[in-house]
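Participant: My questions will all concern the structure given below.
The values are calculated or read from the model by the stated rules, or taken from the named source; none is laboratory data. Please read these numbers as outputs of a predicted model, since none were measured by experiment. Cβ placement follows ideal geometry from the backbone for every residue including glycine, while neighbour counts extend to all protein chains displayed.
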Amino acid sequence: MNAVLRLRRRIRRADRRTAAAVAIGNVVLLTMLLAMAVGVLPGFEVRTREQESAVQGSAARIFGCWLAGGLLLFAALGTIRALLAHLATMLAPPALLILILASRM
């Protein structure tokens, strides 16, 4: 039991560094998913409408699983800063992109 408490304390002490790493990692992942969804990423070029739908569906599944997995992991570990950084960096960029695109219409 004592080892578990020590591990939990070490994890919570590393929360600031973890939050920074999570934010950077999420931004990189979102950039790659966007490049994948629009067909810019090598290996994901689309030629037909069906291929485009399949690639966009894969990107959406990766996004959803990464969001849910991160929320569950950081909540279970009790790392509040990392949890909030994960939530903010996963939801803010897509929301801003949608707002920018909607304002152009």
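Participant: When the residues of region 72-105 are narrowed to those that are within 20 Å of Val28 (Cα to Cα) and among the small types (Gly, Ala, Ser), which ends up surrounded by the fewest Cβ atoms within 10 Å (Cβ to Cβ)?
Facilitator: Residue satisfying both the conditions and the ranking: Ala95.
Participant: Another question about this same structure. Cβ contacts < 7 Å: first residue among the hydroxyl-bearing types (Ser, Thr, Tyr), restricted to region 1-28; second residue modelled with pLDDT of 85 or more and not in a helix (DSSP H, G or I), any location; separation 6+ or different chain. Result?
Facilitator: Listed pairs, sorted by first residue: Thr18/Thr79.
Participant: Six or more apart or on different chains, Cβ atoms under 8 Å: show the pairs whose first residue is in region 68-82 and touching a residue at least 40 places away in the same chain (Cβ under 8 Å) and whose second is part of a helix (DSSP H, G or I) and acidic (Asp, Glu).
Facilitator: Filtered contacts from region 68-82: Thr79/Asp15; Ile80/Asp15; Arg81/Asp15; Ala82/Asp15.
Participant: Moving on. Return yes when Val4 is outside any helix (DSSP H, G or I), at pLDDT below 85 and not acidic (Asp, Glu) and no when it is not. I'd like the intermediate steps shown before the answer.
Facilitator: On the way: outside any helix (DSSP H, G or I): no; at pLDDT below 85: yes; not acidic (Asp, Glu): yes.
Considered against the rule, which asks whether it is outside any helix (DSSP H, G or I), at pLDDT below 85 and not acidic (Asp, Glu), Val4 comes out as no.
Participant: Can you confirm whether Gly69 is over 13 Å from the mean Cα position of the chain (by Cα) and either surrounded by 11 or more Cβ atoms within 10 Å (Cβ to Cβ) or not in a helix (DSSP H, G or I) (or both)? Step through it out loud before you land on a result.
Facilitator: Working: over 13 Å from the mean Cα position of the chain (by Cα): no; either surrounded by 11 or more Cβ atoms within 10 Å (Cβ to Cβ) or not in a helix (DSSP H, G or I) (or both): yes.
Taking the combined requirement at face value, the residue does not satisfy it.
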